[in-house]
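Written below as structure tokens is the structure these notes are about.
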Amino acid sequence: MENEKKSSTHMNSDPTSVVAVDLNTVLFSGYKMCLRLYLYGDENARRTHMSLFFVLMRSDYDPILKFPFNYKVTFCLYDQTPAQRHIIDSFQPDIRSSSFQRPQSDMNIASGIPKFCPLKMIQQEGNPYIPDDVMFIRIMVDLGNIHKTLLAHAV
């Protein structure tokens, strides 16, 4: 599953603002999720790093999906120049965490990469990541052999 979202956020905006984007993967897997962006960092990363988090959301398909969610999540901040020095980081979900269990409310607790990217990289004049105050972030979820998993449970 891959999804790209275009977001326009001015670098001088409120440091506590959060941008959340719903990503519905019904065509791929049925999982509903969102990306949570803290442009100026969250908690220990505040004012030093941009933070990116993955959030599982409740969906109508949850009864037939595999939980805990155990698929590798990768974030990519695009370098918008021909150099293509994208910033990429990923994590493997901790299946013991409530963040990756079947959602009991609208959204699970966010989990991800608090120190995804140093702010100095994206605050420099002329940086390749946010030209004209526009950034592109891709979230990739390696669903691997999810179809084999689903078929194994089919009757």
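The values are calculated or read from the model by the stated rules, or taken from the named source; none is laboratory data. Predicted, not measured: the structure shown is a model, and the values here were computed from it. Quick reminder, even Gly has a Cβ in these numbers, built from the backbone with ideal geometry, and neighbours come from all protein chains shown.
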Discussion item. I'd like to know if region 80-95 contains one or more residues that are closer than 19 Å to residue 30 by Cα and over 14 Å from the mean Cα position of the chain (by Cα).
Written reply: yes
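Based on this model, can you work out whether residue 36 counts as over 14 Å from the mean Cα position of the chain (by Cα) and either of a type in the set (Lys, Arg) or modelled with pLDDT of 90 or more (or both)?
Numbers: over 14 Å from the mean Cα position of the chain (by Cα): no; either of a type in the set (Lys, Arg) or modelled with pLDDT of 90 or more (or both): yes.
Judged against the criteria, residue 36 is not a match.
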Filtering strands (runs of 3 or more DSSP E) wholly in region 44-115 for at least 3 residues that are free of Cβ contacts under 8 Å to residues at least 60 places away in the same chain gives 49-57, 87-91
